[in-house]
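Asks: This is the structure I want to talk about, given as structure tokens.
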Amino acid sequence: MAAGAFPIRHDEIAEARRLASRLPDLLVAAHRVAANAMFGFHGRRRPGAGETFWQFRSYQMGEPAKRIDWRRSARDHHLFVREREWEALQTVWLWPDLSPSMHFRSRLAEHEKSERALVLVLALAELLGRGGERVGVPGLMPARTGRDLPERLAAALMHAAEAREWPDLTGIKRFSEIVIVSDFLSETDTIHDRLARAAERSLRLHLLQVLDPAEESFPYGGRLEFQDPETGVTWLAERADLLKERYHERLLAHRQAITQMTQRAGYSFAVHHTDRPASEGLLVLQSSLTAPVEPRLTG
Amino acid sequence: MISNLAFLSPWMLAGLAVLPLLWLILRLTPPRPAREVFPPTRILMGLQAENTTPRRTPWWLTALRLLLASLIILALAEPVLRPQAKLAAERQGPLLIVLDNGWDAAPGFQTRRDVAARLIEEAGRSERPVALAATAGETNADIAAGTATDAARRLAAIEPQPYRAERGALRARLAELFPPGSAEVAWIGGQLDGGDAAAFAEALAAIDDDPLLITAPPALSALRPPRNAADNAEITVSRIGPAEAVSLAGFDAEGRRMVETSARLAANGDTTLTIGLPTEMRNEIARFSIEGERSAGAVQLLDGRWQRKSVGLIAGEGGGAAQPLLAPLTYVERALSPYTDIRQVSRDTVPEAIEELVTAGVSVLVLTQTGNLPPETVERLSQWVASGGTLLRFASSNIAASDTELLPVALRQGERALGGSLSWEEPQPIGRFSAQSPFRNVAIPQDVRIQRQILAEPGSLAEAETWAELRDGTPLITAAGQGAGRIILFHITADPRWSNLPITGAFVDMLRAVIDTAQGAVRLEAEGGGVTSGATARRSANNAPWRPASVLDGYGSLRPPGPEAALVADIETAAPGAETPPGLYERNGDTRALNAVDAQTDLSPLRPQSLGWPGRVASLEPQRAEPLWPWLLAAAAVLAALDAIAALALSGRLVPRRAVATGLGLAAILLAAQPQGAQAQEVAAEEALQGTLSTRLAYVVTGDAVIDETSRAGLRGLSEYLSTRTALEPGAPVGLDLESDELAFYALIYWPVSSDQQPPQPQVMAKVDAFMKNGGTILFDTRDAGNPMPRSAVTATPETQSLREILGQVDVPPLEPVPPDHVLTKAFYLLSEFPGRWNDSELWVEALAEQPTETGRPARGGDGVSPIMITGNDLAAAWAVSPDNQFLYPTVPSDPRQREMAFRAGVNIVMYTLTGNYKADQVHIPALLERLGQ
């Protein structure tokens, strides 16, 4: 570990303060991002008990007559029944990775990865809250409904004792949806273990890998000493520009391994870069949450 | 070359010994890599296998840094390059050094001395005998060849002398001492030829067939004696060499600066400067000198003759003080007292009073109502007049009967009464002042009527000058020279009884003019036995010699006289020399100044060509030691920058994009310092389009921001006026840089002349000349019509002077003020004058040829457009409008009509330049219409 290279990264109080000072801005950003995504996604995409109109269908003999939508039927020679979309409350757990490796920003991006992760999580919380879902943070905030979910979530994150990379999943009910926004740069073995444990509990995981564009394109050259912010380990590259191709191969292989693991478990996995708009990431999360999930537990 | 390289701090070179150590250190410490925080470092690990050798500094970086270090060490040792060639030829035998040390050598005498010292040193090194001769002073000095040490010692004692080099005397001595071929000759020349240089050069050539002349292009300013004119002092400065701006200062006797003026001297010629100063202050001035020019020739000492004149007033019988306003000389005294010293007389009788005044040294003596004077007194007065006094007499009833000697003309008995009850004739006004008289600048008073006058015998008028006469041609004021002085007679009394002239303002002007022509104090020695002793009067100049009070040295400073300054018997004929150095000489309380340069001094420069110099010529200018270390330091700085870039590149900190941006920025800065020749072509084409696509007015950019802005705003205002009132819609006015811009696109160029403008280079003026010859018109505006300075041929405003300098280089046709029938007055509007901000100046154009066959035509145009127009009315200021169409300058007087007229004048000028004599042809319209049958 390089002594004193980035001491502030390891000072938790300072870190918490930094986060707290950034949170109001991020909340605003999250509101703005969420404002563009308006529809709720807790609908089950099938007819059922609910409030929202789903479809008209022809009246079938034997159905109670009170189901007939007379207004619609009067316009035609057939009888129609108004069907509503089936709605059910759902619990979604959100987890932004705020570990030191997420506090990274290259000159190619405007925001740190952790900021982007927070924005995405808060915006998602707002969307879900607007849709009436129950939202929680594992270990920090019990699942609840409400319109002030982003603020509560931000407060909970602010009071977190330590920034952990992976949530504590004990105590979470089966078949809950868990959204994890992280860079997933840990060893593939570690990730495999974590996914396997989640799969045992029949949790539905949605993983979003947030990467800085520099981590993708490796725009370095010359003689460089690289430092790992998690461990502080340094590594000297004599000609960094020569490493680009092989680094990229390795990164892709790493991602491929995660993709395979998630596919096998039936989880969603997507990649988001901090130089892209946050709404893109939100869209990805939204669609993976609303997609019908067919968990294959035989992972 | 190498031998000319020297180090000022050679011990710094020891630092070079450290270089190997530095090399070792540099080689072993490669540049530190940059550190990047990079989360996926784990993925990177183990990627590089083939490239793990520990880095050393690349050899070229080490070399670069070693070079940098050695450059700095070399620079600290301060190397200088001295391209010093030997002056003297490598010959045997004695070396004869001739050093000019007249006052013309005083500016830069140290250089001359240094060159002489170098020559002596060179000769001393090769153990040659050296002879040193100075051309001014030291007529007895030993000029035989001696050792170099002796010569160096003698050289240290040679100072520039306040008089000119006396080469003639030296030539004879040299010819005695040095037979032909006996010595090598080096002549360190002064700046002036002095008339004896050619003969001297011949003599030197006789001693050595290949003599060396060391000289520099002459650059010398010398003051001619100043003239105390009517209301200013006129000083002529002679300039030898290129034109130069000098500052001229006047000092009083205590050395306090009284007045200062600056002027630009024309190259190789005389420039007359005018210093306007009240008479009282002018009289205080004791010395004029050119600031910064340290030579005796740049100083003019002034003496009593320069100073304020004193006037003695003597009235004969009836001059009582009972009725002061009727006292005969009251009006003379009142008129003169502001400008002169009126000497009071303590004696009662006229002869005693006259004797007192002439011995006290008055310059003007006013006599009236004196009847017959004693013959001794008449003789004294004659002597006094002959030695320079001015006797001013007024007529009285008894004058015709008095002495005839002290009158300019013979007078007829009795006086002529005009307009009396027994006379047919009306009182006469003054007819004219003679052009030769001092009154030529006095306006003829219209309200003066002469009722009585004394008439002169017509036959005697031929010998005298008639300065003023009445309308019927009878003389009113006559004058006659007598010796060095002059007798002036007013044919009327000094009181208002005979005429009302004494109570007019013209009387004051006339008396002042008389006083201004008078010489300074003229003094006769008191006679031993008093006035009436009958002893023969003598001019006192003959017995006592003039004693030098203080003398000038060669540099033009006053100092007590040295032992060589002798008493001078006749100061008038004394020429500056070793025994009569320039300075102030005294005798009996009278002071005379002897100056190094007088009005006649020949100031032709000393040039090898004009001498027919047979030998070599070397430059006097010292060859400067060229310091090399700034270049070394600059090179080191460049290397340091390269090293920084290399270090950045090696450590990976150099971001290519940013580096390119920085490089581009640096290149841009470097390019900005380059002359923009590359763009000139495009700009010229662009400008040609701009200038030709629409008619545009143009002005000359003078470099003075205020004037240029006024010109621009003025031409913009005129352009707008033209667009409103005429069919011409000019484009935006354009400022022209005469040196670089093409003039051919413009028909009219407005050229405001400013006083501090440098006259353009000859090639620029050639361009302007070609423009004018090819049909262009330049409107010069001296903008000085508001200047209260009186205008005459001699006194010109600074603007006019610089206009003269400008026009001196071009071919100017004869000019005339716009005549009433000139087509300019009818080109668009009917105008009679061309006002601008002022309305005092004429507009001058090329004079039209007389066309006798076409008399009666209402307009004459000539065959083209006048290539030049000159005005002083500051036209642009009258036209100038601000962007929100407010006028920028008031007209003087503030009259809207004058502004309108100024615009109309501008319209006419533009129309005239664009249409030429077209309007003049319009007079034929009736005939044409008739011919067309309309």
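Here, each number is a calculation from the coordinates, and none is a lab measurement. As the structure is a computational prediction, the values presented were derived from the model and not from experiment. Cβ placement follows ideal geometry from the backbone for every residue including glycine, while neighbour counts extend to all protein chains displayed.
Asks: Pop the C-beta distance of B:Val764 and B:Thr272 into the FRET formula with R0 = 25 Å and round what comes out to the nearest 0.05.
Replies: On the way: r = 27 Å, r/R0 = 1.07.
Here the calculated transfer efficiency is 0.40.
Asks: If one takes the longest principal axis of the Cα atoms in chain B, at what angle in degrees, from 0 to 90 and to the nearest 10, does the Cα axis of helix B:505-517 lie?
Replies: 70
Asks: Hey, what angle do you get for helix B:896-915 against the long axis of chain B, alpha-carbon based, 0 to 90 degrees rounded to 10?
Replies: 70
Asks: Determine, from the Cβ-Cβ distance of B:Ala634 and B:Ser604 and an R0 of 60 Å, the FRET efficiency 1/(1 + (r/R0)^6), rounded to the nearest 0.05. Please list the in-between numbers first.
Replies: Details: r = 47 Å, r/R0 = 0.78.
Efficiency, rounded to the nearest 0.05: 0.80.
Asks: Sticking with this structure for a sec: Can you give the three extents of the C-alpha atoms in region B:405-445 along their principal axes, from longest to shortest, in whole Å?
Replies: Computed over region B:405-445, the largest-to-smallest principal extents equal 36, 31, 10 Å.
Asks: Okay, next question. Can you give the helix-only mean residue ellipticity at 222 nm for chain B, where every DSSP H stretch with n ≥ 4 adds -39500 (n - 2.57) and the sum goes over all residues, rounded to the nearest 500 deg cm²/dmol? Can you show the working numbers first?
Replies: Values: 23 runs with 271 residues, N = 934.
Here the helix-only value at 222 nm equals -9000 deg cm²/dmol.
Asks: Given points 7 Å out from each Cα along the Cα-Cβ axis, report the A:Gln256 to B:Glu463 separation in nanometres with one decimal.
Replies: With each label point 7 Å from Cα toward Cβ, the separation is 13.8 nm.
Asks: Hey, another quick one. Sorting B:Met510, B:Met901 on the 10 Å Cβ count, fewest up front, what's the list? Write down the numbers at each step before the final one.
Replies: Values: B:Met510 24, B:Met901 21.
So the residues, fewest neighbours to most, are B:Met901, B:Met510.
Asks: Tell me, A:Lys244, B:Lys919 in order of fewest to most beta-carbon neighbours within 10 Å? Mind dumping the intermediate values first?
Replies: Working: A:Lys244 14, B:Lys919 19.
Ordered from fewest to most neighbouring Cβ atoms within 10 Å, A:Lys244, B:Lys919 come out as A:Lys244, B:Lys919.
Asks: Going by amide H atoms built from the backbone, whose H comes under 5 Å of the H on B:Asp303, apart from near neighbours?
Replies: The list, which skips near neighbours in sequence, is B:Ala593.
Asks: So what's the net charge close to B:Arg486: Lys and Arg +1, Asp and Glu -1, counting the other residues with Cβ under 15 Å from its Cβ?
Replies: Working: positive: B:Lys309, B:Arg393; negative: B:Glu405, B:Glu463, B:Glu465, B:Asp516.
After counting each charged neighbour, the total is -2.
Asks: Another one. How far apart, in nm, are the 7 Å Cα→Cβ label points at B:Ala169 and B:Thr404?
Replies: Taking the simple label geometry, B:Ala169 and B:Thr404 are separated by 5.3 nm.
Asks: Give the separation of the Cα centroids, region B:156-186 to region A:117-184, in Å.
Replies: 112
Asks: What are the extents of the Cα atoms of region B:321-520 along their three principal axes, listed from largest to smallest and rounded to whole Å?
Replies: 47, 36, 33
Asks: Note the direction-averaged projected area, equal to a quarter of the hull surface, for the Cα convex hull of region A:74-126, in nm². Spell out each step's value before the answer.
Replies: Numbers: hull surface 31.1 nm².
Hull-based average projected area comes out at 7.8 nm².
Asks: Hey, another quick one. Test of understanding: ordering A:Tyr267, B:Tyr889 by Cβ neighbours within 10 Å, fewest first, what list do you get? Before the final figure, lay out each step's value.
Replies: On the way: A:Tyr267 25, B:Tyr889 18.
With the sparsest Cβ surroundings first, the list reads B:Tyr889, A:Tyr267.
Asks: Taking amide H atoms as placed 1.01 Å from N in the peptide plane, list the residues 5 or more away in sequence, or in a different chain, whose amide H sits under 5 Å from that of B:Arg35.
Replies: Amide H neighbours of B:Arg35: A:Glu225.
Asks: Still on this model: What full-extension length gain, to one decimal in nm, is calculated for B:Ser182 and B:Leu932 as 0.36 nm per residue of separation minus the Cα-Cα distance? Don't skip to the answer; put the middle values down first.
Replies: Numbers: separation 750, 0.36 × 750 = 270.00 nm, distance 9.82 nm.
Using 0.36 nm per residue and subtracting the Cα-Cα distance, I get 260.2 nm.
Asks: Could you check what % of the DSSP bridge pairs in chain B are antiparallel, to the nearest 5?
Replies: Details: 74 of 123 bridges.
Beta bridges within chain B, antiparallel portion: roughly 60 percent.
Asks: Quick one: divide the alpha-carbon radius of gyration of chain B by 2.2 N^0.38 Å and tell me what you get. Write out the running numbers ahead of the final one.
Replies: Values: Rg = 39.8 Å, N = 934, 2.2 N^0.38 = 29.6 Å.
Against the compact-globule rule of thumb, the ratio is 1.35.
Asks: Report the dimensions of region B:681-923 along its three principal axes from the alpha-carbon atoms, largest first, rounded to Å.
Replies: Dimensions of region B:681-923 along the principal axes of its Cα atoms: 52, 42, 40 Å.
Asks: List every residue whose amide H lies under 5 Å from the amide H of B:Val98, counting only residues 5 or more places away in sequence or on a different chain, with H placed 1.01 Å from N in the peptide plane.
Replies: Those qualifying (amide H under 5 Å, at least 5 residues apart or on another chain) are B:Ala133, B:Ala186, B:Trp187, B:Ile188.
Asks: Next question, about the same structure. Just the Cα atoms of the protein assembly as shown, one point each, no solvent: what log10 I(q)/I(0) does Debye give at q = 0.08, 0.09 Å⁻¹?
Replies: Evaluating at q = 0.08, 0.09 Å⁻¹ gives log10 I(q)/I(0) of -1.12, -1.23.
Asks: From the phi of every residue in region A:273-283, what ³J(HN,Hα) in whole Hz does the Karplus formula 6.51 cos²θ - 1.76 cosθ + 1.60 yield, where θ is phi - 60° and glycine or proline is x?
Replies: Ordered by residue, 3J(HN,Hα) equals 10, 6, 8, 9, x, 5, 4, 4, x, 4, 4 Hz.
Asks: So if each residue of separation counts as 0.36 nm, and I subtract the Cα-Cα distance between B:Ala641 and B:Phe7, what length gain in nm does that give? Mind dumping the intermediate values first?
Replies: On the way: separation 634, 0.36 × 634 = 228.24 nm, distance 2.64 nm.
Going from the current span to full extension adds 225.6 nm.
Asks: What are the ³J(HN,Hα) couplings of region B:924-933, residue after residue, when phi is run through the Karplus curve with 6.51, -1.76, 1.60 and θ = phi - 60°? Round to Hz, x for glycine and proline.
Replies: Once rounded to whole Hz, the list reads 7, 4, x, 5, 4, 4, 5, 5, 6, x.
Asks: Moving to a separate point now. Once you put a point 7 Å from the Cα of B:Glu254 and another 7 Å from the Cα of A:Tyr59, both along the Cβ direction, what distance in nm separates them?
Replies: With each label placed 7 Å out from Cα toward Cβ, I get 13.1 nm.
Asks: Let me ask something else. Starting from the Cα gyration tensor of region B:411-472, take the square roots of the eigenvalues, sort them a ≥ b ≥ c, and report rounded, prolate or oblate (rounded when a/c is under 1.5, otherwise prolate if a/b is larger than b/c, else oblate).
Replies: Cα axes put region B:411-472 in the oblate bin.
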